[in-house]
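*Asks:* Before I ask anything, let me first share the structure, which is written out below as structure tokens.
The values are calculated or read from the model by the stated rules, or taken from the named source; none is laboratory data. Note that the coordinates shown come from a computational prediction; the quantities given were computed from them, not determined experimentally. Reconstructed Cβ throughout: ideal geometry from the backbone, glycine too, with neighbour counts over all protein chains shown. Note: areas computed on protein heavy atoms with side chains; ligands, DNA, RNA excluded. Shrake-Rupley method; radii C 1.70, N 1.55, O 1.52, S 1.80 Å.
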Amino acid sequence: LLDEAVEALMDSVRALDPAPGETVVTTGGLLGPGGPLLPRLGRHLAARGLRPLPVPDGTEGAVSLARRLGGPT
């Protein structure tokens, strides 16, 4: 089940086509620091030359993206 979940996540990563060396931020109970999917996903990301960055809360990043995209303040 965990392997299938990671493969589904990797489908999303492949669709985004990040360049090697880019950082992939992960968060949440399964992918945040100490999350059970993080080691598996990390191995798959490393194979593509990507760096996982687990964060405990994704709110700061979401706000930053909204500001950059010109959302309401």
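*Asks:* Can you tell me which residues in the range 28-46 are open to solvent by 60 Å² or more (accessible area, probe 1.4 Å) and farther than 16 Å from A8 by Cα?
*Replies:* Result: G29, P33, G34, A46.
*Asks:* Is it the case, given these coordinates, that P52 is loosely packed, with under 14 Cβ neighbours inside 10 Å and either of a type in the set (K, R) or on the phi < 0 side of the Ramachandran plot (or both)?
*Replies:* no
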